[in-house]
Amino acid sequence: MTTPQHTIGSGFGARTTAAETLHGIDLTGKLAVVTGGYSGLGLETTRALAGAGAHVVVPARRREVAQEALAGLDGVEVDELDLGDLESVRAFADRFLASGRAIDIMINSAAVMACPETRVGPGWEAQFATNHLGHFALVNRLWPAVAPGARIISVSSAGHRNSAIRWDDLQFEHGYEKWQAYGQAKTANALFAVRLDALAQEKGVRAFSLHPGGILTPLQRHLPKAEQIALGWIDKDGNLLNNSFKTPEQGAATQVWAATSPQLAGKGGVYCEDCDIAEPADEGEFKGGVRAYATDPEQAARLWALSAELTGVDAFAATA
């Protein structure tokens, strides 16, 4: 079976910054929505897009924190959104749709990682609910505002290799393991892009997923210092031990590249890393690439149907 998961020789790499991927690209007149766009990689993404001329809307669970983090950035506005609350998702989407504006770029960057067992909504596991279902509902509700030619970016992770979709226990009702739950959510992010791209191409909209790289950001808030030391990330004084970690500016590069690069014209539905399309990864391989289960069209269609059932929203129901 052929796969579009092959590098294209972009000329960029692991140490490329978000600003560097935008060299020569003018986003004046474009509107971007960046979830989580006020912290970690999301903040650097917002800075880069705004610096290239885009108007950036940042929906945030902690609105006051976001306003403080983004103070002084031109062309950026903050709204309220809690991805773990479908009513909050609906309210934000309604407010945006009422503004009559079109979306040219959407980057689903907000996430939680390896948190203690937490339930949201009707008892959903929080990582799957926040990282996947909240973004699924958001994109579907905002779909009427998505402009032809837009790109929608789903921020996945190499963590997807920790778990395929657990069809027999999606919500971890029979034992919780935080890294497996994170892995399932990141696999869901990749599969979401696969199915969205297939559905959205008719409108000229393309979707991509990606691994941003290893970066120490507030995403690690749930990991005790002792665990980060045990993982070999930091020493007892908090100093970085792993020189493979990227800076936040480098970590934001792949999502900005996927959202804007002319090198991806005519492409979509692929998983990217280090500012290029990723190669397939064999089972048990952990040094790069994407597992087949995270790009499987049948798995993607199954997940889409299940997500639509759980959230009660599907912008493509008539054509799916």
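The values are calculated or read from the model by the stated rules, or taken from the named source; none is laboratory data. The model shown is predicted, which means the values in this text are computed figures rather than measured ones. We place every Cβ from the backbone using ideal geometry, glycine too, and count neighbours over all the protein chains shown.
The table for this structure:
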item: Flag for T247 being β-branched (V, I, T) and at pLDDT below 95; result: yes
item: Counted residues, segment 107-126 - those being more than 20 Å from D168 (Cβ to Cβ), surrounded by 16 or more Cβ atoms within 10 Å (Cβ to Cβ) and touching a residue at least 40 places away in the same chain (Cβ under 8 Å); result: 9
item: All positions within segment 10-66 that are basic (K, R) and within 30 Å of S88 (Cβ to Cβ); result: K30, R47, R61, R62, R63
item: Residues of segment 4-38 satisfying the condition of being among the basic types (K, R) and modelled with pLDDT of 95 or more; result: K30
item: Among residues of segment 19-48, those that are under 16 Å from P262 (Cβ atoms) and crowded, with 22+ Cβ neighbours inside 10 Å, counted; result: 3
item: Residue in segment 214-232 that is modelled with pLDDT of 95 or more, farther than 27 Å from D94 by Cα, within 20 Å of the chain's Cα centre (by Cα) and surrounded by 15 or more Cβ atoms within 10 Å (Cβ to Cβ) present; result: no
item: Residue that is nearest to G214 (Cα to Cα) [pool: residues in segment 11-49 that are among the small types (G, A, S) and in a loop (DSSP other than H, G, I, E, B)]; result: A14
item: Total residues in segment 53-106, condition part of a helix (DSSP H, G or I) and either in contact with an Asp or Glu (Cβ under 7 Å, 6 or more places away or on another chain) or among the basic types (K, R) (or both); result: 5
item: Checking D168 against (1) under 17 Å from A300 (Cβ atoms); (2) surrounded by fewer than 23 Cβ atoms within 10 Å (Cβ to Cβ), the condition it does not meet; result: (1)
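Here's the yes/no breakdown for (1) touching a residue at least 24 places away in the same chain (Cβ under 8 Å); (2) crowded, with 23+ Cβ neighbours inside 10 Å; (3) part of a helix (DSSP H, G or I); (4) among the hydroxyl-bearing types (S, T, Y):
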residue: G149; (1), (2), (3), (4): yes, no, no, no
residue: S154; (1), (2), (3), (4): yes, yes, no, yes
residue: H174; (1), (2), (3), (4): no, no, no, no
residue: W179; (1), (2), (3), (4): yes, no, yes, no
residue: E202; (1), (2), (3), (4): yes, no, yes, no
